[in-house]
Amino acid sequence: MTRSMEQIPFGRPMIGDEEQQAVAAVLAGSILVHGPKTLAFEEAFRQFTDAPHAVAVSSCTAGMHLFWHEHGLGKGDEVVVPAQTHVATAHAVALTGARPIFVDADPVTGNMDVSRVESAITERTKGIVVVHFLGLPADMTSLAMLAKRHGLLLLEDCALSVGASLDGSHTGLWGDAGVFSFYPVKHMTTAEGGMVITRNQDLAERLRLIRAFGVNRTHGERATPGVYNVPELGFNYRMNEINAAIGIEQVKKLPGFLTKRAENRNTLADALADIEELTPLASGNDRVVHGHYCLSTLLPQGWEAKRSALIKGLKERGVGSSVYYPHPVPRLDYYQNQYGYRDSDFPSAARISDTSIALPVGPHLTPDHMKRIATAIKETLVGW
C-alpha cells in the first residue's frame, strides 16, 4: 500500500527561529565552551524543576556515570536497576565495574516493581537507580524509604520525565540526584546533552569538578590565563555553549510543549478506548503529573509476531511508531554474556518489550493527528 499523505513522525525536534538565532550568536562570538550560556541554561532548568542545584553535562548517560563514579562504585559493588529501561541506565553502572542487579517491571505501569526491590538488595548493594518509565513518576515515597532504611544511594533516571512530578515535587528531587536527557526527540532538546539536579550542594560542586577533567579552576577563576591544577581524575563530560544556547530557548517553550503532549495523549487514549485489542499502560493517579513522552499500549499475549505487522500497517498509512524498549536490558547480548541473566526472570518486562507499541503524542502533532493514528490502527486490525 502506497499513499501520498501527510506523515505523522514518532518524534521531531521542535527547533524554531529563536534557537537558530541563539546558536548563530554563539558562533559569532569567541566562547564555545566554559561560557555564560551553560551557566544560564543550568539556572533556567534549575528554576523550571525548582531544584536547588543543576549541573549541565554532555548526556544523560554521562551524568549517571558521573554520579556513580563520584560515589566510588567499583568491582564487587551492586546497584539495583530496572529491567525495563534504556541500556544507558545499566551501562552507567557497569562502566564503573559494579554489577547491575535487575528487577522486573510492574506489568500495569512499566515502572520498576517496587515489591521486588528489597529482595534484590544484598550486602554488596550500594544503590538503587529508578526510571520514570515513559514519563510516569515511580513510587518514590516507597523507594526513598527503602533506600534510607538500607543506607543506599538513590539515583533517578529522568531521561523521559521532564515536566513530571509526584506530590508536587519534580522527578529528580526525590533521590540523591536526578539526571535528564536532551536527545533530539525528547521533551526538549539541546541537540545532545543532559542535566543533573540535586538538593546536595557538595555533590553539585563535585560533579562540576569531575565533568571537566578534574581541573580545579574554571577559566573565569584563573588569575593567570591557562594556569590551573588537577587534584584528581575527571572526565570530559561538559556541555558546550551551542548546546546550552539551544537549551535556554527550549526551556522557555517547555510549558507549551508539555500542554500539547497532555492534550494529544488524552485525545489518543479516548480514540483508542473502543479497540479491545489494546491495553494502554496506566497513566497514574491524582498524585502525579505525567510527562507523556508517548502512549505505550500492549497487544494481547501471543501477538508478538503480529506487532511487526501492525507497525508496518501504520507506516503504510503514514503513522510513525516505536518500541520502548525492544528487550529487557538483561536479555541484551552483552548482559546475557557478561552475567548470565535468564529471560524468564523478567516476565513482565519481557511482555512489555515484546507486545507493546509506542505511539506519538509530541508537540509536533495535533489532536486531529491523534484521531488519524487511531483510525490507522483500526484499519490495520480489520480482519485480524
Qualifying position, being among the hydrophobic types (A, V, I, L, M, F, W, C) and either assigned to a strand (DSSP E or B) or modelled with pLDDT under 95 (or both), among Val162, Val185, Val130: Val130
Give the range 188-213 a look and list any residue that's in contact with a strand residue (DSSP E or B) (Cβ under 8 Å, 6 or more places away or on another chain) and in a helix (DSSP H, G or I), or say none. Gln201, Leu203, Ala204, Leu207, Arg208
Taking the condition of being among the hydrophobic types (A, V, I, L, M, F, W, C), within 18 Å of Asn285 (Cα to Cα) and out of contact with any helix residue (DSSP H, G or I) (no Cβ under 8 Å at 6 or more places or on another chain), how many residues in the range 124-145 meet it? 4
Residue satisfying all of: in the range 218-261; at pLDDT 95 or above and polar (S, T, N, Q); nearest to Val33 (Cα to Cα) among these: Asn240
So Gly72, is it touching a Lys or Arg at 6+ places or on another chain (Cβ under 8 Å) and not aliphatic (A, V, I, L, M): no
Only one of (1) in a helix (DSSP H, G or I); (2) surrounded by fewer than 21 Cβ atoms within 10 Å (Cβ to Cβ); (3) of a type in the set (Val, Ile, Thr) is not met by Thr122, so which one is it? (1)
Verdict on Gly151 being surrounded by fewer than 20 Cβ atoms within 10 Å (Cβ to Cβ), free of Cβ contacts under 8 Å to residues at least 40 places away in the same chain and under 23 Å from Leu73 (Cα atoms): yes
Assuming Ser353 fulfils every condition listed in (1) part of a loop (DSSP other than H, G, I, E, B); (2) closer than 30 Å to Val114 by Cα; (3) in contact (Cβ under 8 Å) with a residue 40 or more places away in the chain apart from one, which condition is it? (1)
For the structure I just gave you, tell me whether Lys315 is touching a residue at least 40 places away in the same chain (Cβ under 8 Å), assigned to a helix (DSSP H, G or I) and not acidic (Asp, Glu). no
Only residues that are among the hydrophobic types (A, V, I, L, M, F, W, C) and either part of a helix (DSSP H, G or I) or at pLDDT below 95 (or both): list them for the range 137-159, please. Met140, Leu143, Ala144, Met145, Leu146, Ala147
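Yes/no matrix, rows are residues, columns are (1) crowded, with 24+ Cβ neighbours inside 10 Å; (2) more than 14 Å from Phe102 (Cα to Cα):
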{"residue": "Gln338", "(1), (2)": "no, no"}
{"residue": "Ser348", "(1), (2)": "no, no"}
{"residue": "Asp354", "(1), (2)": "no, yes"}
{"residue": "Leu359", "(1), (2)": "yes, yes"}
{"residue": "Thr366", "(1), (2)": "no, yes"}
Pairs where the first residue, in the range 265-287, is over 17 Å from Thr375 (Cβ atoms) and the second is surrounded by fewer than 17 Cβ atoms within 10 Å (Cβ to Cβ), C-beta under 6 Å, 6+ apart: Ala282/Val108; Arg287/Asp167
Residue count, the range 50-70 (criterion: in a helix (DSSP H, G or I) and buried (at least 22 other Cβ atoms within 10 Å of the Cβ)): 9
Test each condition in (1) more than 21 Å from Asp274 (Cα to Cα); (2) in a loop (DSSP other than H, G, I, E, B) for Trp384 and report the one that comes out false. (1)
When you check Val93 against the structure, is it buried (at least 22 other Cβ atoms within 10 Å of the Cβ), assigned by TED's automatic domain parsing to the domain that holds Phe180 and part of a strand (DSSP E or B), yes or no? no
What is the number of the single condition among (1) among the aliphatic types (A, V, I, L, M); (2) more than 15 Å from Gly163 (Cα to Cα); (3) in a helix (DSSP H, G or I) that Val251 does not meet? (2)
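The values are calculated or read from the model by the stated rules, or taken from the named source; none is laboratory data. Predicted model, so just to flag it, every value in this text is computed and none were measured. Here the Cβ is made from the backbone with ideal geometry for all residues, glycine too, and neighbour counts use every protein chain on show.
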